[in-house]
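Trainee: Take this structure first; my questions come after.
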Amino acid sequence: IEVFELYIFNSADEIKKLIDSNRMVAIYFSGNSCGACKVIKVKIEHILKKYPNIKACEINGEEHLDIATSYGIFSVPVFLLFIDGKEYIRVGRNLDLLKLERDMNRYYNMIF
């Protein structure tokens, strides 16, 4: 069984480098006291397994308020997808996982 986990980033510089050096990057903002974050994270990891060329990371928005606010994140969870350095998808707590996967699939198939 292949296990996929979001790499946890702790600095804005690491994130910027990741975004600048990859065609597609997924960023998941979560928090320690957020029950929904844990449930949604598992589902997002499951989706991302299907897209090996998307680089993905997780940021604890509660511990890294500076990073979260620099991306306009004021509540968690939030999922962002960047393509060629530009934000294309932003979804929060009430996300539609089927729509998210359809949108990601469409962009992925255009690029790879």
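The values are calculated or read from the model by the stated rules, or taken from the named source; none is laboratory data. Note that this is a predicted model, so its numbers are computed, not measured. All Cβ positions, even for glycine, are placed from backbone atoms using ideal geometry, and neighbour counts span all protein chains on display. In case anyone asks, the SASA skips ligands and DNA or RNA and just uses the protein heavy atoms, side chains included. Shrake-Rupley method; radii C 1.70, N 1.55, O 1.52, S 1.80 Å.
Trainee: Using a 1.4 angstrom probe on heavy atoms only, work out the carbon and sulfur share of the accessible area of region 1-55 in %.
Mentor: Result for region 1-55: 55 percent of the exposed heavy-atom area is carbon or sulfur.
Trainee: Among the trypsin sites (Lys or Arg not before Pro) in region 34-97, which ones are in a DSSP loop with at most 15 other Cβ atoms within 10 Å of the Cβ? Mind listing them?
Mentor: Passing both the DSSP loop test and the Cβ count: K49, K50, R93.
Trainee: Give me the percent relative contact order of the chain, please, defined on Cα pairs under 8 angstrom at least 6 residues apart.
Mentor: Reported as a whole number, the value is 32 percent.
Trainee: Please label the shape of region 5-112 as rounded, prolate or oblate, based on the square roots a ≥ b ≥ c of the eigenvalues of the alpha-carbon gyration tensor (a/c under 1.5 means rounded; beyond that, a/b larger than b/c means prolate, else oblate). Don't skip to the end; give the middle numbers.
Mentor: Working: a/c = 1.75, a/b = 1.20, b/c = 1.46.
The shape class here is oblate.
Trainee: Spelling out what I want: for every residue of region 100-105, take phi, set θ = phi - 60°, compute 6.51 cos²θ - 1.76 cosθ + 1.60 (Karplus), and round to whole Hz; glycine and proline get x.
Mentor: 4, 5, 4, 5, 4, 4
Trainee: Leaving out ligands and nucleic acids, note down the accessible area per residue over the chain with a 1.4 angstrom probe, in whole Å².
Mentor: On a per-residue basis, 57 Å².
Trainee: Work out from phi, with θ = phi - 60° and the Karplus expression 6.51 cos²θ - 1.76 cosθ + 1.60, the ³J(HN,Hα) of each residue of region 37-42, listed in order in whole Hz, and give x for Gly and Pro.
Mentor: 4, 5, 5, 5, 4, 4
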